[in-house]
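Shown next, in structure tokens, is the structure this report addresses.
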Amino acid sequence: MSIGIDDVCAFIGQLPDAAAVAQVQEAAARRLGELDRSAHDSIVAGRRARITDSLRPACLRRLTGTVQERNRTGTRAGFLLDEESTRLLRTDPRNRYRIPEGARRFRLPGNGVPLSCLELIED
């Protein structure tokens, strides 16, 4: 017999106090973290990817490049734009990044791009 979401909601509704609800909430947060990590397992350093439309600032959306190392929590990764995307970003009037004039490829500064904002593309 499997447990459905309605059963889970009914169970939570019967919990006696806030401490018990908090335990369920912590368990759910842990599970969401596990699911998120497994969904992004294939996004590793060296893979080519495209930045999705969910990332801000908008001038970075749809740019392509190479995934770099992940941060210590594994939720973000450095990103090195390819030549065409570097050119596009350099000429975008919304761009706020200083790209050296001779740079052919630009590494996005900061603590990386969220893995949830990267989609892998074929090499």
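Any read-out appearing in this document is the output of simple, stated calculations on the displayed coordinates, not a laboratory observation. Everything quoted here is computed from the prediction, not taken from an experiment. Here Cβ is always computed from backbone atoms with ideal geometry, including for glycine, and neighbour counts include all displayed protein chains.
Could you grab the relative contact order for the chain? Cα pairs under 8 Å, six or more apart, rounded to a whole percent.
25 percent
Who wins for biggest fluctuation among Phe79, Phe106, Phe11 in a Gaussian network model of the chain, springs between alpha carbons below 10 Å?
Fluctuation is largest for Phe11.
To the nearest 10 degrees, how steep is helix 18-39 against the longest Cα principal axis of the chain, on a 0 to 90 scale?
40 degrees
Under a 5 Å amide H to amide H cut-off, with H placed in plane at 1.01 Å, what residues pair with Leu55 once short-range neighbours are removed?
none
I want to verify a result. In a Gaussian network model of the chain, Cα cutoff 10 Å, which of these has the top mean-square fluctuation: Ile12, Ile51, Ile43?
Among Ile12, Ile51, Ile43, the largest GNM mean-square fluctuation belongs to Ile12.
So for the pair Asp82, Glu26, with labels modelled 7 Å out along Cα→Cβ, what separation do we get in nm?
About 4.6 nm separates the two model spin labels.
Per q in 0.09, 0.22 1/Å, what log10 I(q)/I(0) does a Debye calculation on the alpha-carbon atoms of the chain return?
For the chain at q = 0.09, 0.22 Å⁻¹, log10 I(q)/I(0) is -0.39, -1.21.
Can you give the longest stretch of the chain with no exposed loop site, where a site means GluC sites (Glu not before Pro) in a DSSP loop (not H, G, I, E or B) with at most 11 other C-beta atoms within 10 Å?
On the way: sites that count: Glu101, Glu122.
The longest such stretch corresponds to 1-100.
Please give, to one decimal in nm, the separation of the simple spin-label points placed at Asn95 and Ala18, each 7 Å out from Cα toward the Cβ.
Inter-label distance under the simple model: 5.1 nm.
Of Thr75, Ala10, Gly102, which is farthest along the charge dipole of the stretch 1-104 in the positive direction, counting Lys and Arg as +1 and Asp and Glu as -1 at C-beta?
Towards the positive end, the residue furthest out is Gly102.
Placing +1 at every Lys and Arg Cβ and -1 at every Asp and Glu Cβ, with all other atoms neutral, what dipole size does the chain have around its Cα centre, in debye to the nearest 20?
Charge dipole, the chain, about its Cα centre: 860 debye, nearest 20.
Using the Karplus curve 6.51 cos²θ - 1.76 cosθ + 1.60 with θ = phi - 60°, what ³J(HN,Hα) values do you get for each residue of the stretch 90-106, in whole Hz, with x for Gly and Pro?
Ordered by residue, 3J(HN,Hα) equals 4, 9, 6, x, 7, 4, 10, 8, 8, 9, x, 4, x, 6, 8, 10, 10 Hz.
Around Pro57, what is the net charge, scoring Lys/Arg as +1 and Asp/Glu as -1 over all other residues with Cβ under 10 Å from its Cβ?
Net charge in that neighbourhood comes out at +3.
Taking only Cα atoms and a 10 Å spring cutoff, compute GNM fluctuations for the chain and point out the largest among Pro93, Pro16, Pro57.
Of Pro93, Pro16, Pro57, the most mobile in the Gaussian network model is Pro16.
How large are Rg and Dmax for the stretch 18-69 when calculated on the C-alpha trace, in angstrom?
For the stretch 18-69, the Cα radius of gyration and maximum Cα-Cα distance read 16.3, 46 Å.
With +1 on each Lys and Arg Cβ and -1 on each Asp and Glu Cβ, how big is the dipole of the stretch 33-76 about its Cα centre, in debye rounded to the nearest 20? Please report the intermediate quantities before stating the final value.
Details: 10 positive and 5 negative charges, 48 e Å.
In total the dipole reaches around 240 debye.
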